[in-house]
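Asker: First the structure, which I've put down as structure tokens, then a few questions once you've had a look.
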Amino acid sequence: MLDTLHKRFDANINLHAELRWEDVEKRLMADPSALEILSRMEETGGEPDTIGPDPETGRLIFCDCSKETPSGRRSLCYDEEALRKRAKNPPSGSAEGKAGEMGISIMTEELYRKLQSLGEFDLRTSSWIRTPDEVRQLGGALFCERRYGKVFTFHNGADSYYSVRGFRGFILV
């Protein structure tokens with residue numbers, strides 16, 4: 001996994017121009033569980049990479065940088081509550097449930113927009129994002145995508161699922 005991350009780091013310097021691989025590698029080596037989580041992200045098509053330090057903690061943000069929402073994490077409703085309530089044609093799981101199994105968090109809208117400022121992602125797919133409690137309590141959930149050169153945030157019923165909607169996750173290292 002470390003070799004894959006190094007090659008991806010070098011190939012996508014625009015995502016983290018201010019970082020040096022040696023510093024990233026030190027952080028990864030100091031946290032072996034992070035490499036396991038990044039491997040899970042890779043296995044589901046996330047192509048994880050760092051997009052720089054988190055402004056609040058200084059830790060490095062590693063997130064899904066695949067051009068489209070990860071292929072191994074699509075056709076999921078938003079959370080376990082929505083999955084339980086979906087009587088007809090339920091999906092195989094939920095975005096929050098899968099994220100929890102993998103040890104990652106679903107991207108916030110702020111983080112999604114930061115990623116989009118570094119490149120163009122989700123041109124044909126969409127990604128669930130962390131939904132505020134007040135929206136979720138009303139049965140909704142939020143997702144984002146890029147269309148027409150703009151990043152849009154939309155809402156849908158939390159129990160909805162589509163073959164082109166998945167989720168992007170992240171961890172702090």
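Asker: State which residue pairs qualify: first residue over 17 Å from residue 170 (Cβ atoms) and inside the stretch 114-142, second residue in a loop (DSSP other than H, G, I, E, B) and among the aromatic types (Phe, Trp, Tyr) in any location, beta carbons under 6 Å apart, and separation of 6 or more residues or different chains.
Answerer: That search, which allows pairs on different chains as well, returns 141/78.
Asker: Which residues, counting only those in the stretch 96-154, are among the hydroxyl-bearing types (Ser, Thr, Tyr), within 11 Å of the chain's Cα centre (by Cα) and part of a helix (DSSP H, G or I)?
Answerer: Hit for the stretch 96-154 is 112, nothing else.
Asker: A follow-up question, please. Which members of the stretch 1-59 meet the condition of being touching a strand residue (DSSP E or B) at 6+ places or on another chain (Cβ under 9 Å), of a type in the set (Asp, Glu) and either free of Cβ contacts under 8 Å to residues at least 12 places away in the same chain or loosely packed, with under 14 Cβ neighbours inside 10 Å (or both)?
Answerer: 18, 23
Asker: Quick check: anything in the stretch 154-168 out of contact with any Ser or Thr (no Cβ under 6 Å at 6 or more places or on another chain), under 23 Å from residue 54 (Cβ atoms) and not aromatic (Phe, Trp, Tyr)?
Answerer: No - not one qualifying residue is present in the stretch 154-168.
Asker: Still on this structure: Kindly indicate which of 126, 71, 92, 75 is open to solvent by less than 10 Å² (accessible area, probe 1.4 Å) and more than 23 Å from residue 54 (Cα to Cα).
Answerer: 126
Asker: How many residues are part of a loop (DSSP other than H, G, I, E, B) and either open to solvent by 40 Å² or more (accessible area, probe 1.4 Å) or in contact with a Phe, Trp or Tyr (Cβ under 8 Å, 6 or more places away or on another chain) (or both) if we restrict to the stretch 78-89?
Answerer: Number satisfying all stated conditions: 5.
Asker: Out of the residues in the stretch 155-173 that are in contact with an Asp or Glu (Cβ under 9 Å, 6 or more places away or on another chain) and in a strand (DSSP E or B), state the one that is most open to solvent (accessible area, probe 1.4 Å).
Answerer: So the residue we want is 172.
Asker: Checking residue 131 against (1) within 19 Å of residue 84 (Cα to Cα); (2) surrounded by fewer than 17 Cβ atoms within 10 Å (Cβ to Cβ); (3) of a type in the set (Ser, Thr, Tyr), only one condition comes out false. Which one?
Answerer: (2)
The values are calculated or read from the model by the stated rules, or taken from the named source; none is laboratory data. Model, not experiment: these values are computed from the prediction. Here Cβ is always computed from backbone atoms with ideal geometry, including for glycine, and neighbour counts include all displayed protein chains. Accessible surface areas use protein heavy atoms only, side chains included; no ligands, DNA or RNA. Shrake-Rupley method; radii C 1.70, N 1.55, O 1.52, S 1.80 Å.
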